[in-house]
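Chemist: There's a structure below that I have some questions on.
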Amino acid sequence: MKKLPYGISDYERLIENNYYYVDKTKYIEQLENLAMPYIIFLRPRKFGKTLFTSVLENYYDIKKRNKFKELFGNTYIGKNPTRLKNSYYILRFNFSGIDTTSEDTTMQSFKEKVTASISDFIKNYDLDFYINPDMTAEGLLNNLIIAFKNQKQGEKLYVIIDEYDHFANELLGFKTEHFKNLVSKNGKIRKWYEILKEGTESVVDRIFITGVAPITLDSMTSGFNIGYDLTRRP
């Protein structure tokens, strides 16, 4: 008997533990067929965005080729697989839960999130990479892209960013000047996205970003101007 999931955003866990899943995998096919490979998907909270990023992760992860039938056999995409299934190395970030007490705590917490994601990535894919604790968040991302390019020649990254604006919305609500200094102007977070944009010239083949509002994106537009916002698309 299937179980009703509550607060579970891990697709693999849903399937392996026999939870109900409302099949939305047809959207994988639609997204892949779009001409734009760098997508920003904005929707209200509790809209299933995190679960969908997990679906994307499991579908495209090169390490889960052998589990494709188990994870997607009963879904639309399992019966209609696309050309790019299980063909990417997945680099995933989640920027919720960042401490926005001050500019310093925001950047330190942001860096910790980046470091944790990079640590998971190098373990998952056996990448030889040293996480230098003295480097900035943008420096770590830049060096990771270089290391991946050198060690995994010919392979590509799919970057998934969940809750891209969670902490920025807190700054906008209570510390507007901190938002301006960190996200807009020449802020360090904006620079981090500039590094990500540079990565699209080499190994970053696709990006999928979720969030709630377009305000943060507007502040980074000239630095990260390759995204396509699907918010109002049916």
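The values are calculated or read from the model by the stated rules, or taken from the named source; none is laboratory data. Nothing here was measured: the structure is a model prediction, and the numbers come from that model. Cβ coordinates were reconstructed from backbone atoms using ideal geometry, including for glycine residues, and neighbour counts include every protein chain displayed.
Chemist: Within the stretch 62-78, track down each residue that is in contact with a Gly (Cβ under 9 Å, 6 or more places away or on another chain) and either surrounded by 17 or more Cβ atoms within 10 Å (Cβ to Cβ) or among the acidic types (Asp, Glu) (or both).
Modeler: Looking only at the stretch 62-78, we keep the residues that are in contact with a Gly (Cβ under 9 Å, 6 or more places away or on another chain), and these are 68-69, 71-72.
Once the filter is applied, which keeps residues that are in contact with a Gly (Cβ under 9 Å, 6 or more places away or on another chain) and either surrounded by 17 or more Cβ atoms within 10 Å (Cβ to Cβ) or among the acidic types (Asp, Glu) (or both), the stretch 62-78 yields 68, 71, 72.
Chemist: Shifting gears a bit: Give the residue that is nearest to the chain's Cα centre (by Cα), with candidates limited to residues of the stretch 132-186 that are of a type in the set (Asp, Glu) and part of a helix (DSSP H, G or I). It would help to see each step written out before you state the result.
Modeler: Filtering the stretch 132-186 for residues of a type in the set (Asp, Glu) gives 134, 138, 155, 162-163, 165, 170, 177.
Next cut, part of a helix (DSSP H, G or I) only: 138, 170, 177.
Working: 138: 16, 170: 20, 177: 27 Å.
Among them, the one singled out is 138.
Chemist: Hey, any hits in the stretch 37-47 for a residue that's in contact (Cβ under 8 Å) with a residue 12 or more places away in the chain, surrounded by fewer than 17 Cβ atoms within 10 Å (Cβ to Cβ), of a type outside the set (A, V, I, L, M) and over 28 Å from residue 199 (Cβ atoms)?
Modeler: Checked the stretch 37-47: at least one residue is in contact (Cβ under 8 Å) with a residue 12 or more places away in the chain, surrounded by fewer than 17 Cβ atoms within 10 Å (Cβ to Cβ), of a type outside the set (A, V, I, L, M) and over 28 Å from residue 199 (Cβ atoms).
Yes/no matrix, rows are residues, columns are (1) in contact (Cβ under 8 Å) with a residue 40 or more places away in the chain; (2) charged (D, E, K, R):
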site: 2; (1), (2): no, yes
site: 5; (1), (2): no, no
site: 11; (1), (2): yes, no
site: 15; (1), (2): yes, no
site: 18; (1), (2): no, no
site: 23; (1), (2): yes, yes
site: 26; (1), (2): yes, yes
site: 50; (1), (2): yes, no
site: 71; (1), (2): yes, no
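Chemist: Can you find, within the stretch 114-136, the residue that is nearest to residue 164 (Cα to Cα) among those that are surrounded by 15 or more Cβ atoms within 10 Å (Cβ to Cβ) and among the β-branched types (Val, Ile, Thr)?
Modeler: 114
Chemist: Being assigned to a loop (DSSP other than H, G, I, E, B), of a type outside the set (A, V, I, L, M) and either under 23 Å from residue 203 (Cβ atoms) or at pLDDT 95 or above (or both): is that true of residue 24 here? Give the derivation first.
Modeler: Numbers: assigned to a loop (DSSP other than H, G, I, E, B): yes; of a type outside the set (A, V, I, L, M): yes; either under 23 Å from residue 203 (Cβ atoms) or at pLDDT 95 or above (or both): yes.
Answer is yes for this residue.
Chemist: Going through 210, 216 one at a time, which residue ends up being assigned to a strand (DSSP E or B), of a type in the set (Ser, Thr, Tyr) and closer than 30 Å to residue 147 by Cβ?
Modeler: Only one candidate qualifies: 210.
Chemist: A follow-up question, please. For a quick check of your reading of the model, give me the residue pairs whose first member lies in the stretch 121-144 and is in contact (Cβ under 8 Å) with a residue 60 or more places away in the chain, whose second is surrounded by fewer than 18 Cβ atoms within 10 Å (Cβ to Cβ), with beta-carbon atoms closer than 9 Å and at least 6 apart or on different chains.
Modeler: Hits for this filter: 124/63; 125/62; 125/63; 125/152.
Chemist: Would you call residue 101 among the polar types (S, T, N, Q), more than 18 Å from residue 11 (Cα to Cα) and outside any helix (DSSP H, G or I)? Give the derivation first.
Modeler: Working: among the polar types (S, T, N, Q): yes; more than 18 Å from residue 11 (Cα to Cα): yes; outside any helix (DSSP H, G or I): yes.
Taking the combined requirement at face value, the residue satisfies it.
Chemist: Please tell me if residue 59 is under 15 Å from the mean Cα position of the chain (by Cα), surrounded by 15 or more Cβ atoms within 10 Å (Cβ to Cβ), among the aromatic types (Phe, Trp, Tyr) and closer than 16 Å to residue 10 by Cα. Show your work before the answer.
Modeler: Working: under 15 Å from the mean Cα position of the chain (by Cα): yes; surrounded by 15 or more Cβ atoms within 10 Å (Cβ to Cβ): yes; among the aromatic types (Phe, Trp, Tyr): yes; closer than 16 Å to residue 10 by Cα: yes.
Judged against the criteria, residue 59 is a match.
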